[in-house]
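Notes follow the structure.
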Amino acid sequence: MQKYKYTAVNLQNQKIKGTFIAKDEKDLAEQLAKQSLFLTHASIYTGNTPSAFFTLGTGKVPMSELTTFCRQFAIMLTTHVPLLDCLDILKNQPFSSYFRKILDVIYDDVKSGLVLSEALKKHAKVFPDFFRSMVYVGEMSGRLELVFNSLADYYERDASMRQKLRAAMAYPIMLLFMTIGIAILMLTMVVPKFKEAMADMEVPIEGLTKAVYDISDFIMEWWTLILACVMILGIIIFLYLQTEKGKYTRDVLLFKMPLIRTIQVNTVTARFARAFALLLSSGMDLTDAMEAAEVVMTNRYMKKRFHIATDYVRHGMSLTNAFESIDVFPSMMIKMITIGEKTNSLDDVLTRSCSFFDAQLESSFNSFSSKIQPIMILIMGLVVGTMFLAIYSPMLSIMGNF
């Protein structure tokens, strides 16, 4: 017996799509004819994830689509629309072509008897581990509509945090590139002109001016080699950062760096608090919830430390002591965990404290911006000031001799 994906028409000439198990296409046509359906097209059903070519090979969909999917799914489940009908409606919504194909496969799998969490498991790149774990918990607890609504809230807040992080980093990065651009412009265009003018005046060149002139000469003579070296170094760093070791090294540096560390800790804390509370409130066991919540920890160093805490809890240590031993979360998180354990209301305490951790994260973004911007402006001023001092000091020397 083989599973087929078919297209057929009924007596009203309406197009019907679905899957059916049959010996061959002839048997499929006969089985459909018994239901007053006339086969027009059939292909062997594989149930595999569609090609990810149009997602640049990532196999992922935009977070906005996943959020909309969760919100619409939750609304329909809340109004008691059957699960299969929900999927049928969603796969025809104006999502990207790739995501609609994914939903089409999921619909066929659920229609053929798979539970939703099993159908989602085939598309791990589209639906993260945390997402699938939550759906599984929702199925087991019978609160799937609550889970999808909570997932939509979670992804909306997560997208907001990412947007704030990008906004906090945009201006410092722009200043950095402006500083580099100004330095290159002055060394390759302004300095050579002044050097020619000073040569005609036979002014002695020494100190800072000579150093800047030498740097300018070196860049002008070897600019192709310098550019090639920069590109090769950039490619090497890029390739290294694609490896697990490289990603871990990057995350360790981000965790250790001043200013950046606060953002990293508060980002992970805010995401973890919301995800952990969501998992616990859905009825998941403590250690299982900790394992599922690991996937929202984007910093690999912090994730590794958290995994140690999970092992400690699995072997009988209290959550408070486990978190204190790994030294990753801020003191307020430890205090909230302590209160939650003592009152046996960990999920409720974390849910109520999510807004506080969100506020702490936003405060760290604002603090980073207020501190890094003056530093970058100071660096730009020093670079430009040094250049002008090196260029104009011979002229000032000439004026002083008159």
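The values are calculated or read from the model by the stated rules, or taken from the named source; none is laboratory data. Everything quoted here is computed from the prediction, not taken from an experiment. When we count neighbours, we look across all protein chains shown, and the Cβ atoms used for this are built from the backbone with ideal geometry, even at glycine. For accessibility, only protein heavy atoms count, side chains too; no ligands or nucleic acids. Shrake-Rupley method; radii C 1.70, N 1.55, O 1.52, S 1.80 Å.
Things worth noting here:
- Residue count, the stretch 343-362 (criterion: out of contact with any helix residue (DSSP H, G or I) (no Cβ under 8 Å at 6 or more places or on another chain) and open to solvent by 50 Å² or more (accessible area, probe 1.4 Å)): 4
- Whichever residue in the stretch 284-309 is over 23 Å from the mean Cα position of the chain (by Cα) and over 13 Å from residue 130 (Cα atoms) and, among such residues, is surrounded by the most Cβ atoms within 10 Å (Cβ to Cβ): 309
Yes or no, residue by residue, for (1) of a type in the set (Gly, Ala, Ser); (2) in contact (Cβ under 8 Å) with a residue 12 or more places away in the chain; (3) surrounded by 15 or more Cβ atoms within 10 Å (Cβ to Cβ); (4) closer than 22 Å to residue 79 by Cα:
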{"residue": "124", "(1), (2), (3), (4)": "yes, no, no, no"}
{"residue": "138", "(1), (2), (3), (4)": "yes, yes, yes, yes"}
{"residue": "158", "(1), (2), (3), (4)": "no, yes, yes, no"}
{"residue": "161", "(1), (2), (3), (4)": "no, yes, yes, no"}
{"residue": "170", "(1), (2), (3), (4)": "yes, no, no, no"}
{"residue": "173", "(1), (2), (3), (4)": "no, no, no, no"}
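- Of all residues in the stretch 25-43, those satisfying the criterion of being outside any helix (DSSP H, G or I) and either within 18 Å of residue 14 (Cα to Cα) or touching a Cys at 6+ places or on another chain (Cβ under 9 Å) (or both) are 34, 35, 36, 37, 38, 39, 40, 41, 42.
Every residue, every condition in (1) part of a helix (DSSP H, G or I); (2) modelled with pLDDT of 90 or more; (3) under 25 Å from the mean Cα position of the chain (by Cα), yes or no:
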site: 323; (1), (2), (3): yes, yes, yes
site: 339; (1), (2), (3): yes, yes, no
site: 342; (1), (2), (3): yes, no, no
site: 350; (1), (2), (3): yes, no, yes
site: 353; (1), (2), (3): yes, no, yes
site: 356; (1), (2), (3): yes, no, yes
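- Residue list for the stretch 90-102, filter: touching a residue at least 12 places away in the same chain (Cβ under 8 Å) and either touching a Pro at 6+ places or on another chain (Cβ under 6 Å) or closer than 15 Å to residue 71 by Cβ (or both): 90, 93, 95, 99, 101
- Scanning the stretch 266-283 for residues that are part of a helix (DSSP H, G or I) and either open to solvent by less than 10 Å² (accessible area, probe 1.4 Å) or among the polar types (S, T, N, Q) (or both) yields a total of 12.
- Residue that is surrounded by the fewest Cβ atoms within 10 Å (Cβ to Cβ), among those in the stretch 62-93 that are within 25 Å of the chain's Cα centre (by Cα) and hydrophobic (A, V, I, L, M, F, W, C): 63
- Residue that is farthest from residue 265 (Cα to Cα) [pool: residues in the stretch 325-334 that are assigned to a helix (DSSP H, G or I) and either open to solvent by less than 70 Å² (accessible area, probe 1.4 Å) or at pLDDT 90 or above (or both)]: 325
- Any hit, the stretch 367-377, residues being among the aromatic types (Phe, Trp, Tyr), part of a helix (DSSP H, G or I), open to solvent by 40 Å² or more (accessible area, probe 1.4 Å) and touching a helix residue (DSSP H, G or I) at 6+ places or on another chain (Cβ under 9 Å): no
- Evaluated against (1) under 16 Å from the mean Cα position of the chain (by Cα); (2) open to solvent by 10 Å² or more (accessible area, probe 1.4 Å); (3) β-branched (Val, Ile, Thr), residue 263 falls short on exactly one condition, (2).
- With a requirement of 3 or more residues that are modelled with pLDDT of 85 or more and closer than 22 Å to residue 294 by Cβ, the helices (runs of 4 or more DSSP H) lying completely within the stretch 73-132 that satisfy it span 116-121.
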